[in-house]
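Here the structure is laid out as structure tokens; the discussion comes afterwards.
Read the figures in this text as sums done on the coordinates, not as results from a lab. As the structure is a prediction and not an experimental result, all values here were calculated from the model. No Cβ is skipped: glycine too gets one built from the backbone with ideal geometry, and neighbour counts run over all protein chains shown.
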């Protein structure tokens, strides 16, 4: 899919942004709140930052995590089969698999993030892994589904661009 970093970066950023928005939209619809609000308020409160900083902190953390997850998904895409239908089916399976793994680490990751960014350091103990198939699981699956959909669309776009250049080269 991606031949070099120049081609990869815009698609990773786009997929991270769209995935982050989908994640928050699902949480708002299902829970009436979202992770950006929770993280921002907890970090601001525990760190002694002004309440006005909470939305920026929450979104900053959420977007940073989204970028790292989208980059992970881009690495996974590099190992997928080349045949289009097998590739897309594998992307769907990978969405569920990566959604499950990222859901597992949600509670400990949130505890560490709040502790470190509030200036309190690492927590003395960590919550257990999240093994539930609730809203956190489905928001993570949706994030990766959006990410892989963006990557699939980018492949079609990049393939179309190569075909147009070849056709133009033949005509010219």
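Some points to look at:
- Mean residue ellipticity (222 nm) of the chain, computed from DSSP H runs ≥ 4 via -39,500 (n - 2.57), nearest 500: -27000 deg cm²/dmol
- Taking the number of Cβ atoms within 10 Å of each Cβ as an exposure proxy, the fewest-first ranking of 116, 24 is 116, 24.
- Highest mobility in the GNM of the chain, judged by mean-square fluctuation with C-alpha springs under 10 Å and restricted to 76, 141, 96, is found for 76.
- Remark: the Cα gyration tensor places region 1-72 in the oblate category, a/c being 1.5 or greater and a/b not exceeding b/c.
- Spatial separation of Cα centroids for region 135-159 and region 103-122, in angstrom: 26 Å
- Shape category assigned to the chain from the gyration tensor of Cα positions, a/c cut at 1.5: prolate
- Modelled FRET efficiency - R0 30 Å, residue 75 with residue 53, Cβ distances, 0.05 increments: 0.35
- Look at the Cα gyration tensor of region 102-158: its axes a ≥ b ≥ c give a/c of at least 1.5 with a/b at or below b/c, and that counts as oblate.
- Each label point was placed 7 Å from the Cα along the Cα-to-Cβ direction; for residue 83 and residue 135 their separation is 4.1 nm.
- Nearest 10 degrees, 0 to 90: helix 84-104 Cα axis against the chain principal axis: 10 degrees
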